[in-house]
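The values are calculated or read from the model by the stated rules, or taken from the named source; none is laboratory data. The shown structure was predicted, so the numbers you read here are calculated from the model rather than taken from an experiment. Because the Cβ atoms are built from the backbone with ideal geometry, glycine has one as well, and the counts that use them run over all protein chains shown.
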Amino acid sequence: MYLQATRAPRYSVLFALPLLLLYELLALLLGPGAGGVRNGADALLRGLAMAIGGRWAPVLMGAVLLGVGAWLVVRDAKRHAWKWRPRWFAAMFAESALLALVFGVVVATLTARLLGVFTLAIQGAELPSGAATWLMLSLGAGLYEELVFRVLLVSGIAAICVRLFGASRRTSLVVAVAGSALLFAIAHYVGPFGDPLQLSSFTFRLIAGLAFSGLYALRGFGITAWTHALYDIYVGLL
């Protein structure tokens, strides 16, 4: 019951809400001190919002995220007669923290086996100075990268495979997981702030993308977002 219910929006979306609030609060408090740095997926979404809403882009983006999230939560809660188990949120956090540790070890080990070297996901990248800035970016990565590369891409690619090509649900999901993972890895090397392309870091990120996309398919958005954020915090702060 726990595994099925915590994938549903009434748990998954609400569980991810603190990531949004903490990320935006840190971005506001750090202000110019963070050098204007924001998560790349966040910047992408803001760029799209800017093209649509101009100077109202931040308000538009926030309204869309909160509005869609609230609609999903309310609709799901109504379907389940507004039944809640608040203690499950604590269990979800513990699950995410454990998965973050496991993913770090497993992904690094697989990369090492494939390449013969032990590598970290951040190899070749320059970490932003300051623990607070890195914490902000870690929270943003968990929220916005999972929103873009898992919620939008995995769901979108799977829907295209089913509706346009008549693929089975299992086949479409496999294609979606693989495709989103590849795009996730590539995205880290694109643009003026992209990392130098290295086989080791690319392989690591590709495997990590497969792991996060697979986790999203199994456990939904909230668990995946927190697992990603906590993994980045472990790497950057510990």
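Filter segment 190-221 down to the residues that are small (Gly, Ala, Ser) and touching a residue at least 40 places away in the same chain (Cβ under 8 Å) and list them by number.
Once the filter is applied, which keeps residues that are small (Gly, Ala, Ser) and touching a residue at least 40 places away in the same chain (Cβ under 8 Å), segment 190-221 yields Gly191, Ser200, Ser201, Ala208, Gly209, Ala211, Ser213, Ala217, Gly220.
Are any residues in segment 51-81 at positive phi and either at pLDDT 75 or above or hydroxyl-bearing (Ser, Thr, Tyr) (or both), and if so, which ones?
Selection gives Ala81 alone.
Could you say whether any residue in segment 222-238 is free of Cβ contacts under 8 Å to residues at least 60 places away in the same chain and either in a helix (DSSP H, G or I) or farther than 22 Å from Leu21 by Cα (or both)?
Yes, because at least one residue in segment 222-238 is free of Cβ contacts under 8 Å to residues at least 60 places away in the same chain and either in a helix (DSSP H, G or I) or farther than 22 Å from Leu21 by Cα (or both).
Return the residues of segment 69-101 that are aliphatic (A, V, I, L, M) and over 17 Å from the mean Cα position of the chain (by Cα); say none if nothing qualifies.
Residues satisfying the conditions are Ala70, Leu72, Val73, Val74, Ala77, Ala81, Ala90, Ala91, Ala94.
What are the residues in segment 50-68 that are more than 19 Å from the chain's Cα centre (by Cα) and of a type in the set (A, V, I, L, M, F, W, C), if any?
Answer for segment 50-68, where residues must be more than 19 Å from the chain's Cα centre (by Cα) and of a type in the set (A, V, I, L, M, F, W, C): Met50, Ala51, Ile52, Trp56, Ala57, Val59, Leu60, Ala63.
Checking the conditions here, which among Ala187, Ala167, Ala176 is surrounded by 16 or more Cβ atoms within 10 Å (Cβ to Cβ), without any contact (Cβ under 8 Å) to a residue 12 or more places away in the chain and not hydroxyl-bearing (Ser, Thr, Tyr)?
When all the criteria are applied, what remains is Ala167.
Within segment 8-29, restricting attention to residues that are among the aromatic types (Phe, Trp, Tyr) and within 17 Å of Ala90 (Cβ to Cβ), which residue is surrounded by the fewest Cβ atoms within 10 Å (Cβ to Cβ)?
Phe15
Say whether the condition of being modelled with pLDDT under 95, basic (Lys, Arg) and closer than 24 Å to Ala132 by Cα is met by at least one residue in segment 27-50.
Taking every residue of segment 27-50 in turn, at least one turns out to be modelled with pLDDT under 95, basic (Lys, Arg) and closer than 24 Å to Ala132 by Cα.
Quick one: which residue in Ser168, Ser180 is among the polar types (S, T, N, Q) and within 24 Å of Ala16 (Cβ to Cβ)?
It is Ser180.
Among the residues that make up segment 195-206, is at least one of them under 28 Å from Leu98 (Cα atoms), modelled with pLDDT under 95, among the hydrophobic types (A, V, I, L, M, F, W, C) and in contact with a Ser or Thr (Cβ under 7 Å, 6 or more places away or on another chain)?
yes
Within segment 43-94, work out how many residues are in contact with a Lys or Arg (Cβ under 6 Å, 6 or more places away or on another chain), among the aliphatic types (A, V, I, L, M) and over 19 Å from Leu143 (Cα atoms).
1
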